[in-house]
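To start, the structure itself, in structure tokens.
The values are calculated or read from the model by the stated rules, or taken from the named source; none is laboratory data. Computed from a predicted structure; not experimentally measured. Positions of Cβ are generated from backbone atoms using ideal geometry, with glycine treated the same way; all protein chains shown enter the neighbour counts.
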Amino acid sequence: MALAEDFQRIVDSLPPDWTDLSFDLRIFDEDRYVEAATILIQVNAQPYSRHDWHWRVNVAHEFGHAAAPETVRGTLQLLDDVGIEGELAARDARSGRVEITQMWGRPESVRREFAQRRRQ
């Protein structure tokens, strides 16, 4: 299965309120490691040293310090397009968290409405 399709399958299996996803990526042809690394820099893939997997990629659904799912899918599609094959393994997914913003001076009803809208 192509990497982009595999990633989309993982994202589609998550609940609607997911916030963070971490997955590991391993390529089959290690001679193409540098080529893959130059493509994966777009999503800030973190290389492993002395590990069975090559990279860890963090994905944020709507907010956070990670790559957007659309960007990750596009980057994995680039790997597919140049013929770099590999596999993905989802490691950690979180759901149900809400973005934190400055609400000083706002009534409690506004705070609750904000939280409710972010959960959907």
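Observations on the model:
- A search for C-beta distances below 6 Å between a residue of region 52-66 that is touching a residue at least 24 places away in the same chain (Cβ under 8 Å) and closer than 16 Å to Leu88 by Cβ and any residue that is part of a strand (DSSP E or B) and small (Gly, Ala, Ser), counting only pairs 6+ apart in sequence or on different chains, returns Asn58/Ser22; Val59/Ala67; Ala66/Ala60.
- When region 45-55 is filtered for residues that are surrounded by fewer than 14 Cβ atoms within 10 Å (Cβ to Cβ) and closer than 30 Å to Arg118 by Cβ, only Gln46 remains.
- Residues within region 14-38 that are surrounded by fewer than 19 Cβ atoms within 10 Å (Cβ to Cβ) and either more than 30 Å from Arg117 (Cα to Cα) or at pLDDT below 95 (or both), tallied: 16
- A count restricted to region 105-120 and to residues that are free of Cβ contacts under 8 Å to residues at least 12 places away in the same chain, assigned to a helix (DSSP H, G or I) and either within 27 Å of Gln42 (Cβ to Cβ) or not polar (S, T, N, Q) (or both) stands at 6.
- Considering only residues in region 102-118 that are surrounded by 12 or more Cβ atoms within 10 Å (Cβ to Cβ) and out of contact with any Lys or Arg (no Cβ under 6 Å at 6 or more places or on another chain), the one that is modelled with the highest pLDDT turns out to be Arg106.
- Condition met for Leu25 (among the hydrophobic types (A, V, I, L, M, F, W, C) and either out of contact with any Lys or Arg (no Cβ under 9 Å at 6 or more places or on another chain) or farther than 18 Å from Ala4 by Cβ (or both)): no
- Listed by first and then second residue, the pairs with beta-carbon distance under 6 Å, at least 6 apart or on different chains, first residue in region 74-95 and more than 15 Å from Leu40 (Cβ to Cβ), second outside any strand (DSSP E or B), are Ala90/Ile10; Ala93/Leu14; Ser95/Pro15; Ser95/Asp17.
- Hey, Val59 over 24 Å from Arg118 (Cα atoms) and of a type in the set (Val, Ile, Thr) or not: no
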